[in-house]
Amino acid sequence: MAAQGDAEAVRLTVWVRGLVQGVGFRWWTRARALELGLVGSASNLRDGRVEVVAEGSRAACERLLELLRSGDTPGRVDGVTERWDAARGNVVGFVER
């Protein structure tokens with residue numbers, strides 16, 4: 001779902017560090033992503049981080065990134081690392097893993 005003037009879909013991969021497992025962080029991220037019309041996933045990693053992969057308009061992905069950095073998430077975010085790529089287009093829905 002692309003915003004006006006922002007037709008090109010992008011893929012945003014984010015690694016979130018902090019107290020982000022077991023606190024509803026992935027559920028919260030999924031809810032925000034769906035509100036923004038994004039598809040992708042939020043997954044717990046073995047090292048305690050959460051990996052978020054989102055595809056959609058650049059504007060929607062940028063808004064999700066702002067929300068992840070906002071301090072208004074469940075738990076505690078100590079750091080956010082991002083990577084931008086071209087959308088792959090092979091993702092449906094937004095899932096928690």
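The values are calculated or read from the model by the stated rules, or taken from the named source; none is laboratory data. This one's a predicted model, so the numbers in the text were calculated from it and none came from an experiment. We place every Cβ from the backbone using ideal geometry, glycine too, and count neighbours over all the protein chains shown.
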Within the range 70-95, can you find the residues that are surrounded by 12 or more Cβ atoms within 10 Å (Cβ to Cβ) and under 15 Å from the mean Cα position of the chain (by Cα)? 73, 74, 77, 80, 82, 84, 87, 91, 94, 95
The conditions are (1) modelled with pLDDT of 95 or more; (2) more than 12 Å from the chain's Cα centre (by Cα); (3) not charged (D, E, K, R), and residue 31 fails exactly one of them. Which is it? (2)
Just the residues that are touching a strand residue (DSSP E or B) at 6+ places or on another chain (Cβ under 7 Å) and outside any helix (DSSP H, G or I), please, taken from the range 58-70. none
The range 31-47 residues that are closer than 16 Å to residue 65 by Cβ and in a strand (DSSP E or B), paired with ones that are aromatic (Phe, Trp, Tyr) and modelled with pLDDT of 95 or more (beta carbon under 9 Å, 6 or more apart): 39/94; 40/94; 41/94; 42/25; 42/27; 42/28; 42/94
Which number in (1) crowded, with 19+ Cβ neighbours inside 10 Å; (2) modelled with pLDDT under 95 marks the one condition that residue 5 misses? (1)
Looking only at the range 48-57, which residues are under 14 Å from residue 80 (Cα atoms) and either part of a loop (DSSP other than H, G, I, E, B) or of a type in the set (A, V, I, L, M, F, W, C) (or both)? 48, 49, 50, 52, 53
Using the structure shown, decide if residue 22 is at positive phi and either of a type in the set (A, V, I, L, M) or surrounded by fewer than 17 Cβ atoms within 10 Å (Cβ to Cβ) (or both). yes
State yes or no: is residue 18 in a loop (DSSP other than H, G, I, E, B), at pLDDT 95 or above and of a type in the set (Gly, Ala, Ser)? no
